[in-house]
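The values are calculated or read from the model by the stated rules, or taken from the named source; none is laboratory data. Fair warning: this is a prediction, and the values are worked out from it, not measured in the lab. Counting neighbours? That spans all protein chains shown, and the Cβs are built from the backbone with ideal geometry, glycine included. Protein only, heavy atoms only, side chains kept; ligands, DNA and RNA dropped before computing areas. Shrake-Rupley method; radii C 1.70, N 1.55, O 1.52, S 1.80 Å.
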Amino acid sequence: MELEKNLPKVAIIGLGYVGLPLAVAFSEHYHTIGFDINQQRIDDLRAGDDETLEVTEQELIDADNLIFTTNKKDLLEANVFIVTVPTPITSSNQPDLTPLIKASEMIAKVLSIGDVVIYESTVYPGATEEVCVPILERYSNLTFNRDFFAGYSPERINPGDKEHRVCDILKVTSGSTPKIADFVDSLYGRVITAGTHKASSIKVAEAAKVIENTQRDLNIALVNELAIIFNKLDIDTEEVLKAAGTKWNFLPFRPGLVGGHCIGVDPYYLTHKAQSIGYLPEVILAGRRINDNMGKYVVTQLIKSMIRKKLQVVDAKILIMGLTFKENCPDLRNTKVIDIIRALEEYDVNVDVFDPGASNEQAQEEYEVELIEQPIVDNYDAVILAVAHDEFIELGVEQVKSYLKPDGILYDLKYVFDADAVDLRL
């Protein structure tokens with residue numbers, strides 16, 4: 001496809017779930033460079049293979065104005081840099097800005113006068129101007145808002161969602177000066193068909209992103225706590241939620257595990273910043289504690305049920321269906337299913353994990369979990385349906401129950417099957 005002359009040349013830094021769909025979308029309107037430090041990832045994309053399943057082979061083939069590279073020298077051709085690297089947390093739930101810092105250092109070394117650096121990675125309010133910009137200045141010997149400029153446009157990718165894709169989701173934009181804010185908004189405006197919302201400052205855009213997932217985290221924490229209460233009262237949680245949902249303004253959240261690289265991570269960025277300015281965010285941290293403990297709660301409920309049915313716990317065989325952090329998505333990062341596995345191991349049970357959509361290599365590398373190819377019929381004392389993959393739903397409850405021994409327990413965490421067809425639900 002022939003593009004207009006004198007358009008910006010855009011480099012997307014980081015080609016994961018966020019960066020790759022963005023790069024493909026931008027390439028329809030701008031000459032685009034897709035950069036990643038993982039050579040295997042680049043080789044796969046050049047061959048038309050996206051392991052994240054966010055972009056099809058045909059979309060990669062059709063992306064005429066997109067090149068994939070690990071060569072930093074190729075970035076010299078760009079004048080707009082969009083950073084989409086991960087922003088994880090440490091084992092102590094503190095922000096880990098290492099990928100963001102390294103990306104900023106790399107960009108600084110190819111930065112030219114007039115260039116614009118836009119960050120999409122989720123951070124706490126102030127991180128772009130307090131952490132990233134000083135790095136850009138230090139390694140480029142250029143002056144911020146005179147020689148180069150910055151913007152922030154938080155990613156809104158929903159992994160595995162084929163209906164709400166990058167161009168279909170309204171985009172928040174911002175810039176380090178009014179003129180640059182207009183430029184960033186116009187840049188994305190050509191790509192995002194759903195439209196844009198220009199925030200008044202970079203900090204406002206950063207804060208908007210981090211509270212999107214914090215709000216969801218707290219709503220899920222509330223429903224998780226309600227589920228715990230209703231279980232103690234011997235009330236079916238889903239029935240309560242359906243009844244309450246008949247009111248027009250009741251929010252349709254469901255209990256469950258909260259993992260992944262967004263909802264289970266982003267609130268810690270906000271609480272970190274709040275604590276750094278002397279405020280203890282009690283509600284947000286309380287929600288995090290509830291959600292982080294749901295894996296252990298699930299196992300406690302299962303073990304109690306096994307004891308009530310006089311099933312032997314030690315050396316019991318448990319099947320867990322699903323390991324990814326959400327349905328119909330191969331992403332294993334920060335999956336809370338691992339919390340169930342680790343808690344079960346404390347009871348000396350034998351755990352099989354079945355997830356046809358996940359990579360066995362990644363499961364072993366990240367969690368030392370080896371996935372089975374297929375469950376064995378009449379083999380398990382309990383089955384935990386942990387992730388609602390379409391493939392599991394299509395199996396049907398009778399097929400799933402066929403994996404159980406005669407007195408086995410089916411624990412449906414995701415409300416996939418009717419209440420009267422399973423033994424336990426959240």
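The table below gives the values:
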quantity: Candidate set from region 332-352 (those that are in contact with a helix residue (DSSP H, G or I) (Cβ under 7 Å, 6 or more places away or on another chain) and of a type outside the set (Gly, Ala, Ser)); member that is surrounded by the most Cβ atoms within 10 Å (Cβ to Cβ); calculated: Ile340
quantity: Residue check for Leu60: farther than 21 Å from Tyr119 by Cβ, within 21 Å of the chain's Cα centre (by Cα) and among the hydrophobic types (A, V, I, L, M, F, W, C); calculated: no
quantity: Selection within region 282-319 - acidic (Asp, Glu) and under 29 Å from Leu371 (Cβ atoms); calculated: Asp292, Asp315
quantity: Selection count where residues are within 23 Å of Met306 (Cβ to Cβ), of a type in the set (D, E, K, R) and under 19 Å from the mean Cα position of the chain (by Cα), scope region 329-354; calculated: 2
quantity: First in region 338-352 and farther than 10 Å from Ile318 by Cβ, second anywhere and assigned to a helix (DSSP H, G or I) and of a type in the set (Phe, Trp, Tyr), Cβ under 6 Å, 6 or more apart; calculated: Ile338/Tyr367
quantity: Checking Asp378 against (1) at pLDDT 95 or above; (2) within 20 Å of Tyr411 (Cβ to Cβ), the condition it does not meet; calculated: (1)
quantity: Residues of region 196-236 that turn out to be without any contact (Cβ under 8 Å) to a residue 40 or more places away in the chain, open to solvent by 90 Å² or more (accessible area, probe 1.4 Å) and either part of a helix (DSSP H, G or I) or not hydrophobic (A, V, I, L, M, F, W, C) (or both), as a count; calculated: 6
quantity: The lone exception for Glu361 - which of (1) at pLDDT below 95; (2) outside any loop (DSSP other than H, G, I, E, B); (3) surrounded by 16 or more Cβ atoms within 10 Å (Cβ to Cβ) it fails; calculated: (3)
quantity: Region 282-331 - residue that is among the basic types (Lys, Arg) and closer than 26 Å to Ile229 by Cα and, of those, surrounded by the fewest Cβ atoms within 10 Å (Cβ to Cβ); calculated: Lys310
quantity: Qualifying residue in region 182-193 (condition: over 18 Å from the mean Cα position of the chain (by Cα), outside any loop (DSSP other than H, G, I, E, B) and over 22 Å from Glu28 (Cα atoms)); calculated: no
quantity: Enumeration of residues in region 138-152 that are surrounded by fewer than 17 Cβ atoms within 10 Å (Cβ to Cβ) and under 23 Å from Pro86 (Cα atoms); calculated: Arg138, Tyr139
quantity: Hits in region 168-195 - residues which are open to solvent by 30 Å² or more (accessible area, probe 1.4 Å) and either more than 23 Å from Phe148 (Cα to Cα) or small (Gly, Ala, Ser) (or both); calculated: Asp168, Ile169, Leu170, Ser186, Gly189, Thr193, Ala194
quantity: Any chance Val110 is crowded, with 19+ Cβ neighbours inside 10 Å, under 19 Å from Ala11 (Cα atoms) and in contact (Cβ under 8 Å) with a residue 12 or more places away in the chain; calculated: no
quantity: Cβ-Cβ under 7 Å pairs, at least 6 apart or on other chains, region 144-159 side at positive phi, far side open to solvent by 30 Å² or more (accessible area, probe 1.4 Å) and modelled with pLDDT of 95 or more; calculated: Asn145/Thr177
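Here's the yes/no breakdown for (1) free of Cβ contacts under 8 Å to residues at least 12 places away in the same chain; (2) surrounded by fewer than 16 Cβ atoms within 10 Å (Cβ to Cβ); (3) not in a loop (DSSP other than H, G, I, E, B):
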{"position": "Gln374", "(1), (2), (3)": "no, yes, no"}
{"position": "Val377", "(1), (2), (3)": "no, yes, no"}
{"position": "Ala382", "(1), (2), (3)": "no, no, yes"}
{"position": "Ala388", "(1), (2), (3)": "no, no, no"}
{"position": "Glu394", "(1), (2), (3)": "yes, yes, yes"}
{"position": "Val416", "(1), (2), (3)": "no, no, no"}
